Structure formats: structure tokens, C-alpha cells
Amino acid sequence: MLTIKKPKTMKYFKTLFIATIAFSFIITSCKKDEEIKAPEFTVFELGYDNSGTAVIGEDLHVDAEIFAEGKVSDVRVTIHHEGDHLKTILVDEEWEYDSTYTTNYTGAKNIDFHEHIDIPATAEAGDYHFHIMVTDMEGNRTEKEAELEILAPAV
């Protein structure tokens, strides 16, 4: 007499289920992590009415809207004189500016960087170079440069 063995369906489905779970785990764990994009400037304004100018003894208006997917770590602003220029007797050194901002910005994804930088009376009138650098918590950095003219005060 011929006997037909019944398949062990429970064992078959259990094995299939475990294999499916293992395969799903391998596929999802091998997925490459998405890269965090470097910070982006969405709006940038230098000087009142975006004039690109400032006056000695007054302040420089800087406004930048920044989106940082990796959250802002810090914002650094540097200003330095461009090219050759004559030094006056009152000026011993060129005026330069270098400051890093963290308060009110660190940890945010969207920031409105709005600062007023004092231009000292000892600064020389002339052409300057402006840099603003944003670094996120992932180490990504974006830099924006602009020409800045510092003017002598009106007499």
C-alpha cells in the first residue's frame, strides 16, 4: 500500500516567515544613509537696503536667512581690507573683523541671522571683503562672500 505523507505546513510557513524577516532586515539595514546637505543661504542682505556699504562710526547691517538640514553649529563673519591703501597717521593697523556667533543660532534648522556690526572710527574708508560661513552639526560648511565698501562719514 502506498502512503502519502502530508507536508509539514506549519514548519514550512515558519521557515518561510523567518526567511522573509531576515531578508527584509538585510535589505533595510544595507540602505545607504541619506546625506545631509550643506547649509543654504535663502536670503542674503549686506548693508542697509542691500547697498553693500557701511559708514565709519556707524554699523553694518547683515541679514541672512539660512536653512541647515544638519542644524546650525555656528556662524562666522570675517571682514578684511582689500588691496593696497594708504595708511593715515591715526591708523596703526588695518581694521579687521572676525567673530563667531552661536547664541540664538546653535541647534536650529532655520535661522534669520540678523546682526549689526560696529564700524569703528579708526577704520579706513575703502573696499573690503566680507565672508559669512555657516557650519552645521554634521561638519558641513557653506560660505558666502561679498564686496563691501566702507565710506567716510558725511561732513
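The values are calculated or read from the model by the stated rules, or taken from the named source; none is laboratory data. Remember, predicted model here, so these are calculated numbers, not experimental data. With ideal geometry, Cβ positions are generated from the backbone for all residues, glycine too; neighbour counts draw on all protein chains shown. Ligands, DNA and RNA are stripped out before the accessible areas are found, and what is left, the full protein with its side chains, is counted by its heavy atoms. Shrake-Rupley method; radii C 1.70, N 1.55, O 1.52, S 1.80 Å.
May I ask you to list the residues in region 113-138 that are out of contact with any strand residue (DSSP E or B) (no Cβ under 8 Å at 6 or more places or on another chain) and either without any contact (Cβ under 8 Å) to a residue 40 or more places away in the chain or over 18 Å from ILE56 (Cβ atoms) (or both)?
Once the filter is applied, which keeps residues that are out of contact with any strand residue (DSSP E or B) (no Cβ under 8 Å at 6 or more places or on another chain) and either without any contact (Cβ under 8 Å) to a residue 40 or more places away in the chain or over 18 Å from ILE56 (Cβ atoms) (or both), region 113-138 yields THR122, GLU138.
Looking only at region 38-67, count every residue that is open to solvent by less than 40 Å² (accessible area, probe 1.4 Å) and either modelled with pLDDT under 95 or acidic (Asp, Glu) (or both) and tell me the total.
Summing the residues that are open to solvent by less than 40 Å² (accessible area, probe 1.4 Å) and either modelled with pLDDT under 95 or acidic (Asp, Glu) (or both) in region 38-67 gives 1.
Looking only at residues in region 115-155 that are over 18 Å from SER99 (Cα atoms) and within 12 Å of the chain's Cα centre (by Cα), which one is surrounded by the fewest Cβ atoms within 10 Å (Cβ to Cβ)?
The qualifying residue surrounded by the fewest Cβ atoms within 10 Å (Cβ to Cβ) is GLY139.
Of the residues that sit in region 139-155 and are aliphatic (A, V, I, L, M) and in a strand (DSSP E or B), which one is farthest from GLU58 (Cα to Cα)?
ALA146
In region 84-96, what residues are at pLDDT below 70 and either open to solvent by 60 Å² or more (accessible area, probe 1.4 Å) or touching a His at 6+ places or on another chain (Cβ under 7 Å) (or both)?
Passing the criteria: ASP84, LEU86, LYS87, THR88, ILE89, LEU90, ASP92, GLU93.
Tell me, which residue of region 1-37 that is in a loop (DSSP other than H, G, I, E, B) and surrounded by 10 or more Cβ atoms within 10 Å (Cβ to Cβ) is modelled with the lowest pLDDT?
For region 1-37, the residue satisfying everything is LYS8.
For region 97-104, does any single residue satisfy the condition of being acidic (Asp, Glu) and modelled with pLDDT of 95 or more?
Scanning region 97-104, I find at least one residue that is acidic (Asp, Glu) and modelled with pLDDT of 95 or more, so the answer is yes.
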